[in-house]
Amino acid sequence: MTRIDTLEPQSVWNHFDKIRQVPRPSRHEEKIREHLLAWARERGFETRVDKVGNMVVTVPASKGREQAPLLVLQAHMDMVCEKNADVNFDFMKDPIQLEIEGDWLTAKGTTLGADNGVGLASALATADDPAVVHGPLEILITMDEETGLNGAAGLDPTMVSGRRLINLDTEELGAIYIGCSGGGNSTLSVPAAFGAAPAAARMLDVSVTGLRGGHSGMDIHLHRGNAVSLLARILHAAGAHAPFALARIQGGNAHNAIPREARALCALEESHVSAFSKTVESEAAHIAAELAPSDPEVTVAVKPVKETHAVMDAVSTRRVVDALLLIPHGVEEMSVAVPGLVETSSNLAAVETKEAGIEALVSVRSPIRSAMDALRARLHAIAGITGGKVNDDEPYPGWNPDLDSEMLKVTRSVHERVLGSSPEIKAVHAGLECGVIGEKVPGIDMVSIGPWIEAPHSPNERINIPSVATYWKLLVAVLDELSR
């Protein structure tokens with residue numbers, strides 16, 4: 001069996017192997033930050049940490065390259081924590097368990113954390129590997145990227161002295177990213193009145209599982225199913241033929257992940273169970289046919305449960321189901337300027353039952369602020385209809401492409417010379433910290449590169465092993481060129 005310590009480049013994989021053993025959920029980065037600070041202390045590197053927990057490591061230049069302009073290498077320390085329902089795993093203490101399948105590295109039933117663990121590992125490797133020639137470096141490592149670029153939003157810009165930056169957080173080999181979408185999260189709260197379920201009521205658990213999920217920006221155009229949206233559709237159809245009371249509904253847990261699983265607990269009279277189940281079965285067949293090309297493993301199940309729960313009244317049940325059904329999910333607009341690029345989208349990211357009703361988390365993305373506001377207006381309209389309310393966070397900014405960027409010119413030239421091919425110059429429908437950092441540090445010139453990662457933010461996440469060597473070859477050559 002191939003082991004990670006035999007992979008090339010060893011300097012990158014050795015760091016990733018250490019990183020994957022350190023818990024690093026978003027907003028719980030204490031252990032990985034200490035790991036990084038200890039690494040820097042061992043090498044005598046100067047470090048700075050701001051009040052929100054971002055850190056900068058200052059790395060001296062290679063001999064003879066001391067006069068080169070300062071360069072920033074940027075990655076984030078946290079990871080998305082998703083696992084399959086049947087996997088027993090605690091992201092707060094357990095190391096990621098690795099599997100190598102041919103040319104791919106993946107994890108056993110959980111997210112791998114290659115996003116952005118490999119980018120972080122490569123930044124550390126540039127300082128450790130004596131074969132890497134570079135000018136003076138600042139390694140900027142941000143926290144809490146995955147829940148909304150919060151680390152970058154709280155960054156103390158005085159920590160960053162460099163005005164050239166390479167972000168190491170894209171997932172497509174052979175591409176140089178020079179722009180990204182802005183985005184923001186909204187929470188829709190819908191009130192509900194709860195009471196005891198009728199004594200003779202049957203409790204049924206309705207679940208939607210088996211979906212591929214994925215990144216709510218990078219994968220939103222792939223027509224994958226959203227478990228919460230699909231469950232709302234199923235319940236709406238079932239309720240038209242068999243009245244039921246909703247006890248709870250749950251699904252999704254990250255704003256930037258398309259929900260893979262969702263479930264609802266419903267109470268109904270014995271006489272309505274058959275009609276309810278048949279309608280769910282019929283709707284499930286339609287969904288399976290619709291998603292066959294993109295999400296063929298979708299599974300809808302109805303199972304009786306014996307426990308009793310408080311249930312919503314009829315008005316609340318209808319209000320909650322209708323609200324979830326109305327929330328937009330998917331691509332809203334494609335870019336006219338950049339063919340094939342999603343411009344505006346919405347992700348119904350999660351729903352949770354609370355004491356006073358439900359809360360639905362919705363992530364909206366667009367480089368155009370007015371388009372984001374228009375989508376958010378729909379949520380406010382839903383709140384108005386259902387007696388709910390919406391809390392909108394302050395959206396993070398996009399990153400406007402600069403085709404005249406000197407960093408782009410150098411990176412493209414090196415790519416062509418070293419890898420023998422012309423890179424694609426792209427923008428991404430996802431939040432990159434470059435957008436926020438560019439606003440915090442005016443005038444900074446940036447590009448973003450990375451290896452080939454598939455299905456980030458889901459347990460299907462995997463990284464192509466040979467692509468890491470190619471990406472590393474490019475990064476090392478760019479560092480050399482920029483330090484001349």
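Ordering 120, 326 by accessible surface, largest first, gives 326, 120; the 1.4 Å probe counts only protein heavy atoms, with every chain in place. Diffusion coefficient (Stokes-Einstein, Kirkwood radius over C-alpha pairs, 37 °C, 0.692 mPa s) for the range 318-358: 266 µm²/s, rounded to a whole number. Dividing the convex hull volume of the alpha-carbon atoms in the range 72-229 by its residue count gives 220 Å³ per residue.
Rounded to the nearest 500, the helix-only mean residue ellipticity at 222 nm of the chain stands at -9000 deg cm²/dmol, with each DSSP H run of n ≥ 4 adding -39,500 (n - 2.57).
Packing, as the average of other Cβ atoms within 10 Å across residues, places the peptides 366-374, 111-119 in the order 111-119, 366-374, highest first.
In terms of its C-alpha gyration tensor, the range 285-345 comes out oblate, because a/c is 1.5 or above while a/b does not outweigh b/c. Based on every Cα atom in the chain, Rg and the maximum pairwise Cα distance Dmax equal 24.0, 83 Å.
Based on protein heavy atoms only, the chain ends up with 41 Å² per residue of surface accessible to a 1.4 Å probe. Size descriptors for the range 6-160, from the alpha-carbon set: Rg then Dmax equal 16.0, 55 Å.
Across every pair of non-identical alpha carbons in the range 144-259, the mean reciprocal distance, once inverted, gives a Kirkwood radius of 18.7 Å.
Ligands, DNA and RNA aside, residue 303 has an accessible area near 120 Å² when probed at 1.4 Å. Spacing of the modelled spin labels on residue 128 and residue 47, each 7 Å from Cα toward Cβ, amounts to 1.4 nm.
Near the amide H of residue 173, within less than 5 Å, lie the amide hydrogens of 452, 453, all on another chain or at least 5 residues away, with H placed in the peptide plane. Accessible surface for residue 452 stands near 100 Å², nearest 10, in the context of the full protein assembly shown (1.4 Å probe). Computed on the range 355-484, the Cα convex hull volume stands at 161 Å³ per residue. Here's the picture: charge each Lys and Arg Cβ at +1 and each Asp and Glu Cβ at -1 in the chain, and of 139, 342, 298 the one pushed furthest to the positive end of that dipole is 298. Using the Karplus relation 6.51 cos²θ - 1.76 cosθ + 1.60 with θ = phi - 60°, the per-residue 3J(HN,Hα) values for the range 456-472 come to x, 6, 9, x, 8, 4, 8, 10, 6, 5, x, 5, 5, 5, 5, 4, 5 Hz, with x marking Gly and Pro.
Only lysines eight or more places from residue 108 in sequence, or on another chain, were considered; those with a Cα closer than 20 Å are 18, 83, 93. The overall shape of the range 222-362 is prolate: from the C-alpha gyration tensor, with semi-axes ordered a ≥ b ≥ c, the ratio a/c is 1.5 or greater and a/b exceeds b/c. Express the carbon and sulfur contribution to the solvent-accessible surface of the chain as a percent, rounded to the nearest whole number, probe 1.4 angstrom. Carbon and sulfur: 51 percent of the exposed surface of the chain. Computed over protein heavy atoms with a 1.4 angstrom probe, the accessible surface ordering of 89, 194, largest first, is 194, 89. Computed from the alpha carbon positions, the gyration tensor of the range 15-73 leads to an equivalent ellipsoid with semi-axes of 25, 14, 10 Å, biggest first. Cα convex hull, the range 112-189: 152 Å³ per residue, rounded to a whole number. The H on the amide N of residue 330, modeled in the peptide plane, is under 5 Å from the matching H of 346, 347, 348, each at least 5 residues off or on a different chain. Residues 471, 396, ordered by accessible area of protein heavy atoms at a 1.4 angstrom probe radius and largest first, appear as 396, 471. When the surface is traced with a 1.4 Å probe over the full set of protein chains, residue 29 keeps roughly 0 Å² accessible.
Of all lysines in the structure, those lying under 29 Å Cα to Cα from residue 440, and not within fewer than 8 positions of it along the same chain, are 31, 51, 409, 426. Under Stokes-Einstein, with the Kirkwood radius over Cα pairs as Rh, the value for the range 264-308 at 37 °C and 0.692 mPa s is 273 µm²/s.
Between residue 289 and residue 406, take the C-beta separation as r, use R0 = 45 Å, and let me know the FRET efficiency to the nearest 0.05. The value I calculate is 0.30.
Across the range 449-455, coupling constants 3J(HN,Hα) worked out from phi with the 6.51/-1.76/1.60 Karplus curve, θ = phi - 60°, read 9, x, x, 8, 10, 10, 6 Hz, and Gly and Pro carry x. The distance linking the range 98-119 with the range 199-239 is 26 Å (Cα centroid to Cα centroid, whole angstrom). Phi-derived couplings, Karplus 6.51 cos²θ - 1.76 cosθ + 1.60 at θ = phi - 60°, listed residue by residue for the range 393-400: 7, 7, x, 7, x, x, 10, 7 Hz, with x used for Gly and Pro.
The values are calculated or read from the model by the stated rules, or taken from the named source; none is laboratory data. In this text the structure is predicted, and so the values were computed from the model without any measurement. Because the Cβ atoms are built from the backbone with ideal geometry, glycine has one as well, and the counts that use them run over all protein chains shown. Heads up: the accessible areas ignore ligands, DNA and RNA and are worked out on the full protein's heavy atoms, side chains in. Shrake-Rupley method; radii C 1.70, N 1.55, O 1.52, S 1.80 Å.
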